[in-house]
1. Go through (1) surrounded by 13 or more Cβ atoms within 10 Å (Cβ to Cβ); (2) over 20 Å from residue 197 (Cα atoms) for residue 8 and report which single condition fails.
2. Criterion first (farther than 29 Å from residue 80 by Cβ, touching a residue at least 12 places away in the same chain (Cβ under 8 Å) and in contact with a helix residue (DSSP H, G or I) (Cβ under 8 Å, 6 or more places away or on another chain)) does residue 110 satisfy it?
3. May I ask you to verify whether residue 88 is polar (S, T, N, Q) and either open to solvent by less than 50 Å² (accessible area, probe 1.4 Å) or under 16 Å from the mean Cα position of the chain (by Cα) (or both)?
4. Return the residues of region 1-49 that are hydroxyl-bearing (Ser, Thr, Tyr) and at pLDDT below 85; say none if nothing qualifies.
5. Would you confirm whether any residue within region 177-189 is among the acidic types (Asp, Glu) and in a loop (DSSP other than H, G, I, E, B)?
6. Would you check which residues across region 13-48 are open to solvent by 60 Å² or more (accessible area, probe 1.4 Å), of a type outside the set (S, T, N, Q) and outside any helix (DSSP H, G or I) and list them?
7. Within region 123-163, which residues are open to solvent by 60 Å² or more (accessible area, probe 1.4 Å) and small (Gly, Ala, Ser)?
8. Take the residues in region 49-66 that are aromatic (Phe, Trp, Tyr) and closer than 14 Å to residue 97 by Cα; name whichever of them is most open to solvent (accessible area, probe 1.4 Å).
Amino acid sequence: MSSSNGALEVFWDVIPYVSLAMMIVGLVWRYRYDKFGWTTRSSQLYESRLLRIGSPLFHYGIIVVFLGHIIGLVIPQSWTDAIGISETAYRWVALGAGGIAGLATLVGVSILIYRRRRTGPVFIATTWNDKWMYVLLVATLVAGLSTTVIGMTPSGRAPDANYRETVSPWFRDFWSLQPDGSLMAAAPVQFQVHVAIALVLFAIWPLTRLVHVFSAPVWYLFRPYIVYRSRSAAQDDHLLGSDPQRRGWSRDAPARW
């Protein structure tokens with residue numbers, strides 16, 4: 001084993017845990033000492049037209065990209081082979097669904113970056129950490145799309161270029177605390193670049209607006225809806241002595257004006 005390969009193996013054995021530790025410690029620290037800053041710092045008030053286009057493209061696209069990574073990294077190739085999905089079919093699905101989702105995410109984040117740069121108040125509210133986050137996020141997306149496209153070329157279809165036999169086992173071994181850096185060291189360079197950029201992004205995650213990913217308002221799905229009424233209508237009802245019909249959860253509660 002050459003010294004360069006040995007250094008790569010040590011890198012892929014150690015650095016991912018360093019990145020994960022920095023992310024966890026950073027999230028805990030920020031939650032304890034910066035709860036009021038744990039937000040995306042919404043800027044819809046300043047500009048909404050581009051936001052209505054870029055935000056759905058980015059958020060829905062990144063969800064599909066995330067699910068695609070879970071399928072590709074967590075599910076072994078032997079499982080898809082067992083249910084009759086050939087490697088060629090798998091690659092075409094990855095190119096179709098993954099390529100479209102990745103491109104939508106890239107277009108969405110590009111629109112958001114353009115909006116942030118061109119809208120004065122939004123640009124002023126952008127921190128240096130967030131600027132680095134955008135650079136790394138775009139670099140990760142471009143590197144990921146590149147691996148998908150290269151995977152359909154003759155060199156990408158070579159037996160030794162199959163990431164499901166190198167990157168995926170390494171990823172699963174990482175979570176079982178038995179990392180095998182030789183697997184990543186043997187992976188094509190485009191996958192190594194993609195993962196390396198992602199590790200840096202995860203390390204700085206707690207210092208950026210990306211923290212809002214861990215505070216999604218899921219409870220909004222289960223709360224009762226809110227009925228808004230104008231102040232003038234409420235005052236008129238009160239003066240006339242009428243009691244407006246209340247919803248099921250508030251029928252026994254006194255009316256408040």
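1. Just one mismatch for residue 8, condition (2).
2. Taking the combined requirement at face value, the residue satisfies it.
3. Against the criterion (polar (S, T, N, Q) and either open to solvent by less than 50 Å² (accessible area, probe 1.4 Å) or under 16 Å from the mean Cα position of the chain (by Cα) (or both)), residue 88 does not qualify.
4. 2, 3, 4, 39, 40, 42, 43, 46, 48
5. Residues of region 177-189 among the acidic types (Asp, Glu): 180.
Filter once more, keeping what is in a loop (DSSP other than H, G, I, E, B): 180.
Checked against the condition, which is being among the acidic types (Asp, Glu) and in a loop (DSSP other than H, G, I, E, B), region 177-189 yields at least one hit.
6. Within region 13-48, 41, 45, 46 qualify.
7. Hit for region 123-163 is 155, nothing else.
8. 60
The values are calculated or read from the model by the stated rules, or taken from the named source; none is laboratory data. Just so you know, these numbers come straight off a predicted model, no measurement behind them. Every residue, glycine among them, receives a Cβ derived from its backbone with ideal geometry; neighbour counts consider all protein chains shown. Areas reflect the complete protein model, heavy atoms only, side chains present, ligands, DNA and RNA absent. Shrake-Rupley method; radii C 1.70, N 1.55, O 1.52, S 1.80 Å.
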